[in-house]
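Everything below concerns the one structure shown next.
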Ligand SMILES: *Cc1c(COP(=O)(O)O)cnc(C)c1O
């Protein structure tokens, strides 16, 4: 059933998957949408990685998602990710931390994560590198960019990114994979698209200056509400939670400052 928000725009329903075949169905749907968006942009859909985001989802349901083919999972909060990584250690999931990190959690991330997508300070880079070197591990990282100019958002301002990337070779345990962003929380598709375009243009500009700086030049952008637009604009990784697992009860403001209100039609 389709709901309507206060402004009359249909709100997408995200059916909750409670069996392996329901997960297969949701995953198939998202993959088909990615393929269609890629086709519209003349892109190869295999260049887009689907990172399912399992935050707030309990371990029993995550097991079903893994059985349906999810072998890497994104989590926003370190404590929750760490707990799940421990409880689900038998599954061999590659965990991606996609939320803001405080330096005092760097040790945890260095211990269990395969990837960190929200790098936005030299302090965190240094803390991670030190812990990773001690553990003899390395970590894939994306640099988070604030493309919406909302002051409360995490991430570097676009004009700070190149200088920050120039510092990263000092941290040998970090492997730069690209840039990550969250678009503005809005139903205004052109405004959302502009955030994605901004990230792609930034990547292109930096790559023109020095191809080494942005690693693989990946673009992690797009979530359940906007991943198709992101793929049209060049996303190489989409982080999709609700469209895979089902609607989340927690307010988005718990995860991103300033996001409260979108979910209830504000
Ligand atoms: C939760 C989250 C997502 C996925 O959001 P959905 O609406 O569940 O698709 C993507 N990126 C980040 C950083 C998140 O915290």
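Values as computed for the structure displayed
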quantity	calculated
Among residues of region 62-82, those that are touching a residue at least 60 places away in the same chain (Cβ under 8 Å) and away from the ligand (no atom under 14 Å from the Cβ), counted	0
Of all residues making up region 77-98, the number that are under 20 Å from residue 250 (Cα atoms) and either surrounded by fewer than 21 Cβ atoms within 10 Å (Cβ to Cβ) or at pLDDT below 95 (or both)	5
Test result for residue 151, under 21 Å from residue 107 (Cα atoms), more than 13 Å from the chain's Cα centre (by Cα) and not in a strand (DSSP E or B)	no
Residues located in region 30-61, provided they are in contact with a strand residue (DSSP E or B) (Cβ under 8 Å, 6 or more places away or on another chain) and within 14 Å of the ligand (Cβ to nearest atom)	30, 34, 49, 50, 51, 52, 53, 54, 55
Selection count where residues are more than 14 Å from residue 180 (Cα to Cα) and crowded, with 20+ Cβ neighbours inside 10 Å, scope region 133-155	1
Per-region count, region 209-266, residues more than 11 Å from the ligand (Cβ to nearest atom), modelled with pLDDT of 95 or more, over 21 Å from residue 139 (Cβ atoms) and more than 16 Å from the chain's Cα centre (by Cα)	3
Verdict on residue 113 being in contact with a strand residue (DSSP E or B) (Cβ under 6 Å, 6 or more places away or on another chain) and within 29 Å of residue 244 (Cα to Cα)	yes
Pick from region 160-189, criterion out of contact with any helix residue (DSSP H, G or I) (no Cβ under 9 Å at 6 or more places or on another chain) and in a helix (DSSP H, G or I), ranking: nearest to residue 115 (Cα to Cα)	169
Close pairs from region 205-224: first on the phi > 0 side of the Ramachandran plot, partner modelled with pLDDT under 95 and away from the ligand (no atom under 16 Å from the Cβ), Cβ under 9 Å, at least 6 apart	217/211
Candidate set: region 11-29, residues that are within 15 Å of the ligand (Cβ to nearest atom) and surrounded by fewer than 19 Cβ atoms within 10 Å (Cβ to Cβ); chosen: the one farthest from residue 225 (Cα to Cα)	16
Residue within region 186-201 that is under 18 Å from the mean Cα position of the chain (by Cα) and closer than 20 Å to residue 126 by Cα present	no
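The values are calculated or read from the model by the stated rules, or taken from the named source; none is laboratory data. Just so we're clear, the structure is a prediction, and the values are computed from it rather than from any experiment. Methodologically, a virtual Cβ is constructed for each residue, glycine included, from the backbone with ideal geometry; neighbour enumeration extends over all protein chains shown.
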